[in-house]
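Report on the following structure.
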Amino acid sequence: MCIFCSIAKKEINSHLVYEDDTVLAFLDINPTAVGHTLVIPKEHYESFLECPAKLRDHLFEVAQMLAKKLEESLNCDGLNILSNVHEAAGQSVNHFHVHLIPRYKGDTEIIHFHETENVDFEALKEKLK
Ligand code: AMP
Ligand code: ZN
């Protein structure tokens, strides 16, 4: 059984911070920063890629509202908002979720963007068009 489905069905406890008919938000049990929050659809979708458009849009509306609330209430200096897709990207729970991670000046980067050598930008652009 999927752990986030169990949370959505209230079969296991979580620190809920938001709930409506289709979306739930709760505090991450192993927070990267104080206030680290997860926003999930109540219905099971493996990742961001599978979530239907209407639900996805509503979930991001809730995520934006909660991000503003975190910034106001915790006085953080910024937030990382991200969703890992598949194991290679670090997804460990296969139920779509968006991380809201408050950030404070001086924190280390969560994702460090660095140079990748020998990129064929022209070929890539053709593939992605
Ligand atoms: P990801 O690695 O992107 O799949 O993120 C999964 C997140 O779920 C991790 O940050 C975990 O700490 C968090 N997590 C796992 N189980 C629970 C739980 N029972 N309650 C709250 N957060 C959880
Ligand atoms: Zn699930």
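Read-outs throughout are calculated quantities, based only on the coordinates presented, and are distinct from any laboratory measurement. All figures in this text were calculated on a predicted structure; none of them were measured in a lab. Cβ placement follows ideal geometry from the backbone for every residue including glycine, while neighbour counts extend to all protein chains displayed.
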Solitary cysteines of the chain, where the nearest other Cys Cβ is not under 4.7 Å: Cys51, Cys76
Phe48-Glu117 pseudo-label distance in nm [points 7 Å out on the Cα-to-Cβ vector]: 2.9
Sites Ala89 and Asp21, calculated FRET efficiency, Cβ-Cβ separation with R0 41 Å, nearest 0.05: 0.90
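Would you compute, from DSSP H runs of 4+ residues alone, the mean residue ellipticity of the chain at 222 nm, taking -39500 (n - 2.57) per run and dividing by the full residue count, rounded to the nearest 500? Walk me through the numbers before you get to the answer.
Details: 3 runs with 36 residues, N = 129.
Counting only the DSSP helices, I get -8500 deg cm²/dmol.
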Using alpha-carbon coordinates, inclination of helix 53-74 to the longest axis of the chain, degrees: 80
Cross-link reach list, lysines versus Lys68, counting only Cα pairs under 23 Å and skipping chain neighbours closer than eight places: Lys42, Lys54, Lys105
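Note down the Stokes-Einstein diffusion coefficient of the range 3-129 in µm²/s, whole number, using a Kirkwood radius over alpha carbon pairs, 25 °C, and 0.890 mPa s.
Working: Rh = 16.1 Å.
So the translational diffusion coefficient is about 153 µm²/s.
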